[in-house]
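**Student:** Starting off with a structure, shown below.
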Amino acid sequence: MKFETRAIRIGEEPDMENGSGDVVIPIHLSTTFARRSIERLPKGYEYSRTGNPTRHALERKLASLEDAKFGLAFSSGMAAETTILLALLKKGEHVIAFDDLYGGTKRLFRTFGKRFGIEFEYVDARYAENVRSAIRENTKLIWLETPTNPLMKMCDIGEISEMAHENGIIVAVDNTFATPYFQRPLGLGADIVVHSTTKYINGHSDSVGGAIMLSDEEIYEELKFHQNSSGAILSPFDSYMTLRGIKTLALRMREHERNAMRIAGFLESHPKVNRVYYPGLDSHPQHGLAKKQMHGFGGMISFEINGTVEDAVRFTESLQLFSLAESLGGVESLIEIPALMTHSSVPEEERERIGISDTLIRMSVGIENVEDLIEDIEGGLKRL
Ligand code: P1T
């Protein structure tokens with residue numbers, strides 16, 4: 001079955017024998033499930049934190065889209081990330097992470113590492129040799145985002161996974177920016193895929209959620225145990241919303257990309273724009289890698305305007321169609337300044353070192369009409 005078909009059909013097969021043949025999975029609100037005897041659970045469900053039919057439908061769909069055996073749906077992307085750390089790491093272990101990551105992920109690593117005695121080491125994973133030279137005896141996990149938030153840096157998932165496995169290290173990839181429509185890390189060699197489903201997967205900015213997809217049964221059981229223990233589950237209503245959103249993932253991603261390509265080209269040729277970070281541009285230093293490991297380039301663009309922080313703030317505040325807001329991946333276009341918003345929790349000198357300047361602007365290009373979007377940006381740049 002192809003991607004578009006799976007996005008619509010998997011997990012929501014009408015139940016013609018025992019159910020009423022719903023073509024859309026119902027929202028199962030029941031917190032508990034009655035059984036005939038202690039040993040006989042109806043369809044395996046006992047208590048809704050442990051398992052819920054609506055959430056299960058979503059988990060099956062998510063797993064299918066990432067070519068994974070197993071899926072788990074969480075109450076947020078951060079809840080999914082926390083569960084990976086809880087399930088896999090113990091005191092004295094070492095984690096290698098890409099130096100450009102979502103600010104909240106770095107905040108989690110910082111606080112978790114300090115409290116539980118785990119060392120997180122950041123490397124520029126664009127160059128796989130940097131990852132190799134950071135590997136130690138006690139390295140347990142390599143954490144990657146590709147493309148990264150917000151600088152759109154990429155790393156070679158296949159090459160890094162190979163060197164990780166030679167050393168018995170687990171590789172987790174945050175695939176939120178690319179989505180499984182454009183990139184499937186498990187097929188490239190990674191062990192775990194993590195998502196903030198709040199973004200493209202749900203796609204409509206009306207549900208906060210997270211997900212983990214993987215095929216290793218042992219790691220899956222460990223993650224499931226910790227999810228159930230901590231209770232970091234997605235609600236039945238949010239599971240339903242996300243199931244509904246996913247059905248148009250392919251359509252939306254094609255349109256996000258088409259609009260982003262046009263806008264990236266427009267920005268690149270504009271005299272008031274200094275630099276554009278978009279993997280689909282020939283000028284992106286890793287355009288070749290993007291073509292090799294992705295099936296498309298997505299809808300996220302970062303860029304530097306030729307001006308001061310005040311100019312950047314004025315520009316983002318002056319737009320009409322791009323809402324000034326954190327988050328990304330919804331049908332509506334959003335704009336933000338990472339240093340002041342999504343990445344403000346990353347210490348200033350660290351931001352400087354990896355290239356997140358105070359004038360860097362990040363755009364989540366929506367699927368409105370692209371001419372309207374360009375007119376909005378053009379007007380904002382003119383006012384500078
Ligand atoms: O917000 P939440 O669903 O908990 O997901 C966290 C998260 C994880 N990974 C990536 C790559 C992310 O971008 C995020 C959340 N990011 C934003 C809110 C943002 O505006 O960048």
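**Student:** Taking amide H positions as placed in the peptide plane 1.01 Å from N, state which residues far from ASN274 in sequence (5 or more) or on other chains have amide H under 5 Å from it.
**Tutor:** Placed amide hydrogens put GLU304, ILE305, ASN306 under 5 Å from ASN274.
**Student:** Considering the Cα positions of segment 290-372, please state its Rg to one decimal place and its Dmax as a whole number of Å.
**Tutor:** 13.7, 39
**Student:** While we're on this one: So how much slack lies between GLU350 and LYS292, counting 0.36 nm per residue of separation and subtracting their Cα-Cα distance, in nm?
**Tutor:** Answer, rounded to one decimal: 17.9 nm.
**Student:** Can you give the direction-averaged projected area of the convex hull of the alpha-carbon atoms in segment 143-279, in nm²?
**Tutor:** Dividing the Cα hull surface by four gives the mean projection, 10.0 nm².
**Student:** Hey, could you pull the Cα Rg and Dmax for segment 214-290, both in Å?
**Tutor:** When restricted to Cα atoms, segment 214-290 yields Rg and Dmax of 19.9, 55 Å.
**Student:** Please name which of LEU324, GLN183, ILE233 has its Cα lying farthest along the dipole of the chain towards the positive end, using unit charges on Cβ (Lys, Arg +1; Asp, Glu -1) and the Cα centre as origin.
**Tutor:** Projecting each Cα onto the dipole axis, the largest value belongs to ILE233.
**Student:** Tell me the relative contact order for segment 272-353 as a rounded percent, counting alpha carbon contacts under 8 Å between residues six or more apart.
**Tutor:** Worked out over segment 272-353, it gives 21 percent.
**Student:** Enumerate the lysines that LYS140 could reach by cross-link, defined here as Cα to Cα under 27 Å, with residues fewer than 8 away along the same chain left out.
**Tutor:** Output for LYS140: LYS69, LYS90, LYS91, LYS106, LYS114, LYS153, LYS224.
**Student:** For the chain, what is the percent of antiparallel DSSP beta bridges, rounded to the nearest 5?
**Tutor:** 55
**Student:** Tell me, what is the percent relative contact order of the chain, built from C-alpha pairs under 8 Å that lie six or more residues apart?
**Tutor:** In percent, rounded to a whole number, it is 17.
**Student:** Under a plain spin-label model, where a point goes 7 Å from the Cα along Cα-to-Cβ, how far apart in nm are ASP216 and LYS69?
**Tutor:** Label-label distance for ASP216 and LYS69, simple model: 1.2 nm.
**Student:** Shifting gears a bit: Helix 77-88 versus the longest principal axis of the chain: what angle, 0 to 90°, nearest 10, using Cα atoms?
**Tutor:** 60
**Student:** A follow-up question, please. Label point 7 Å out from SER318 along Cα-to-Cβ: which residues of segment 353-384 have amide N under 17 Å?
**Tutor:** Residues passing the 17 Å test: 359-362, 373-384.
**Student:** Moving to a separate point now. Using only alpha-carbon positions, what ratio does the radius of gyration of segment 226-371 give when scaled by 2.2 N^0.38 Å?
**Tutor:** The reported ratio for this selection is 1.17.
**Student:** How much length, in nm to one decimal, is gained on full extension between THR32 and LYS91, taken as 0.36 nm per residue of separation minus their Cα-Cα distance?
**Tutor:** 17.6 nm
**Student:** For segment 4-110, what's the radius of gyration and Dmax over Cα atoms, in angstrom?
**Tutor:** 18.1, 53
**Student:** Output the antiparallel fraction of DSSP beta bridges having both residues in segment 249-382, as a percent to the nearest 5.
**Tutor:** About 85 percent, rounded to the nearest 5.
**Student:** Could you give the length gained on full extension between GLU129 and ASP358, defined as 0.36 nm per residue of separation minus the Cα-Cα distance, in nm?
**Tutor:** 79.5 nm
**Student:** Using the heavy atoms of the protein chains alone and a 1.4 angstrom probe, what is the accessible area of the chain per residue in square angstrom?
**Tutor:** Using a 1.4 Å probe on heavy atoms only, each residue of the chain averages 43 Å².
**Student:** Sticking with this one: Please give the peptides 36-48, 209-221 ranked by average Cβ packing (other Cβ atoms within 10 Å per residue), highest first, as a rough proxy for protection.
**Tutor:** Peptide ranking by packing, descending: 209-221, 36-48.
**Student:** To continue, here is another question. Take the Cα atoms of segment 132-200, find their three principal axes, and give me the spread along each one in whole Å, biggest first.
**Tutor:** 37, 23, 18
**Student:** State the percentage of accessible surface on segment 188-295 attributable to carbon and sulfur atoms; use a 1.4 Å probe and exclude ligands, DNA and RNA.
**Tutor:** Ligands and nucleic acids excluded, carbon and sulfur reach 52 percent.
**Student:** At each listed q (0.08, 0.10, 0.13, 0.15 Å⁻¹), what is the log10 of I(q)/I(0) that the Debye formula gives for the chain modelled as equal alpha-carbon point scatterers?
**Tutor:** Treating every Cα as an identical point scatterer, log10 I(q)/I(0) equals -0.41, -0.64, -1.06, -1.35.
**Student:** What angle, in degrees between 0 and 90 and rounded to the nearest 10, separates the Cα long axis of helix 370-382 from the longest principal axis of the Cα atoms of the chain?
**Tutor:** So the helix axis and the longest Cα principal axis differ by about 40 degrees.
**Student:** Once you put a point 7 Å from the Cα of LEU41 and another 7 Å from the Cα of VAL309, both along the Cβ direction, what distance in nm separates them?
**Tutor:** Between LEU41 and VAL309, the simple spin-label model gives 5.3 nm.
**Student:** Can you work out the FRET efficiency for the pair ARG115 and GLU166, with r the C-beta to C-beta distance and R0 = 45 Å, to the nearest 0.05?
**Tutor:** About 0.90, to the nearest 0.05.
The values are calculated or read from the model by the stated rules, or taken from the named source; none is laboratory data. Quantities reported herein were computed from a predicted structural model and do not represent experimental measurements. Neighbour counts run over all protein chains shown; Cβ positions are idealised from the backbone, glycine included. Protein only, heavy atoms only, side chains kept; ligands, DNA and RNA dropped before computing areas. Shrake-Rupley method; radii C 1.70, N 1.55, O 1.52, S 1.80 Å.
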